[in-house]
Amino acid sequence: MTNFAAMDSRRQQKVASLIKEEFTDILLKSGRSFYGKAFVTVTNVKVTPDLATVRFHLSVMGGDKDLVIEQLQDKKNEIKKILGDKLRFNLRRVPELEFYLDDTLDDVFRMEELFKKIKSEDDTIKGNQE
């Protein structure tokens, strides 16, 4: 596993931002050919200090999340070639691509449901006491 520094350098941040912008564009234009009808958004992009690896954190809605990540892994070389064509004037070489599921949005929805349930139970208890 590649070690990602906690504090990214300015160069890492610039490269990550550039790659995120181009990768997002690729997903908008060609995403369906990679993973079908799911809605995929890029939540975070991290680049190793040596700029050799880029890690995409993706949020997936409306599809099998693990399957979408697996399909992107399978199409990694094709995506890397498209990304290389878009970045050829900005980077000497395209980093290796890694895809990870970011399920923080799922956690937010789960917590929201729990809070609603707690409030409902609390209102029921208060109603029984009156």
Residue-averaged 222 nm ellipticity for the chain, from DSSP H runs of 4+ at -39500 (n - 2.57), nearest 500: -19500 deg cm²/dmol
Helix 10-35 sits off the longest principal axis of the Cα atoms of the chain, rounded to the nearest 10 on a 0 to 90 degree scale, by 80
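Among the DSSP beta bridges whose two residues both lie in region 29-101, what percent are antiparallel, rounded to the nearest 5?
Of all bridge pairs located within region 29-101, approximately 55 percent are antiparallel.
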Dipole moment magnitude, nearest 20 debye, region 1-94 about Cα centre, only Lys, Arg, Asp, Glu C-beta charged: 360
For the chain, the longest principal axis of the Cα atoms and the Cα long axis of helix 65-74 enclose an angle in degrees, to the nearest 10, of 10
To check you understand DSSP bridge types, tell me what percent of the beta bridges within the chain (both residues inside) are antiparallel, rounded to 5. 55
From Cα pairs below 8 angstrom and at least 6 apart in sequence, can you work out the relative contact order of region 10-103, rounded to a whole percent? 32
Å³ per residue of the Cα convex hull, for the chain? 148
Which lysines have a Cα less than 27 Å from the Cα of LYS116, not counting those fewer than 8 places away in the same chain? LYS65, LYS126
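FYI, it's all coordinate maths here, none of it is from the lab. On a predicted model such as this, the values are computed, not experimentally measured, just so you know. Here Cβ is always computed from backbone atoms with ideal geometry, including for glycine, and neighbour counts include all displayed protein chains.
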